[in-house]
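The values are calculated or read from the model by the stated rules, or taken from the named source; none is laboratory data. All values reported here derive from a predicted model rather than from experimental measurement. Glycine also receives a Cβ, built like all others from the backbone with ideal geometry; neighbour counts cover every protein chain displayed.
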Amino acid sequence: MSLRTEFQGLNAQLESLHEALSDLRTAIDDRPPQGAAVILLDSLGDAVEDTLGWLEEALGLAAPLAREEPAQKGGANFDVGRARQALVFAQEQFNRITGRFMFDLMAYDNVSQLMQLGRERRGEWQAWAAAVKGDLERCQQHLYDTGQALFRCWLEIAERVGMTSVSVQATTIGQQITVPQNQEQTAEGMT
């Protein structure tokens, strides 16, 4: 695969994660009308808003790279330096999102309190709590898939670094320069 293709996959995963988190936000906001406000729900809502903000920042850098046309179709050469910077930023944001999700949204105590709230208030609240828990679990799967997409992008970056390696060794006669035999230079691989 090419780095451009992996960025397209990453962008698709980031968008899927955004959709899942947006659905979670909607589910939290659509709680049944009767009953007093619950601090847990405000806390969950704040955590979802934070993760969506960080995700939108990552999408802002990754999306343009995913939409770039290949040079053979009239587009510019893929900017690997810009891709690497976007990938670093996306990884940082992903780490923040994952931490907030795992410690504030999927924490055992929070999920337990959510389900207890549904059992105590019964009826609509019980169905609502189960729906929110289901959305949390879907987000967890999207987080995993996004992490895998990031990993594949990092693999492509690492392979590019390996493709351009040159070994220089000093000998008593002079210098010996060795270029690995398996390096294939393609128009896209050496931009």
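Condition test on residue 15, is it within 29 Å of residue 136 (Cα to Cα), surrounded by fewer than 16 Cβ atoms within 10 Å (Cβ to Cβ) and at pLDDT 90 or above?
Criteria not met by residue 15.
State whether the residues of segment 3-10 include one that is of a type in the set (Ser, Thr, Tyr), touching a helix residue (DSSP H, G or I) at 6+ places or on another chain (Cβ under 8 Å) and in a helix (DSSP H, G or I).
no
For segment 92-134: of the residues being among the acidic types (Asp, Glu), over 17 Å from residue 47 (Cβ atoms) and without any contact (Cβ under 8 Å) to a residue 24 or more places away in the chain, which is surrounded by the most Cβ atoms within 10 Å (Cβ to Cβ)?
92
Identify the residue in segment 64-91 that is among the hydrophobic types (A, V, I, L, M, F, W, C) and surrounded by fewer than 16 Cβ atoms within 10 Å (Cβ to Cβ) and, among all such residues, is modelled with the lowest pLDDT.
Step by step, filter segment 64-91, then rank; the result is 71.
Consider residue 21 carefully, then state whether it is assigned to a helix (DSSP H, G or I), in contact with a Ser or Thr (Cβ under 7 Å, 6 or more places away or on another chain) and more than 18 Å from residue 124 (Cα to Cα).
So residue 21 fits the description; yes.
More than 20 Å from residue 9 (Cβ to Cβ) and modelled with pLDDT of 90 or more: does that describe residue 103?
yes
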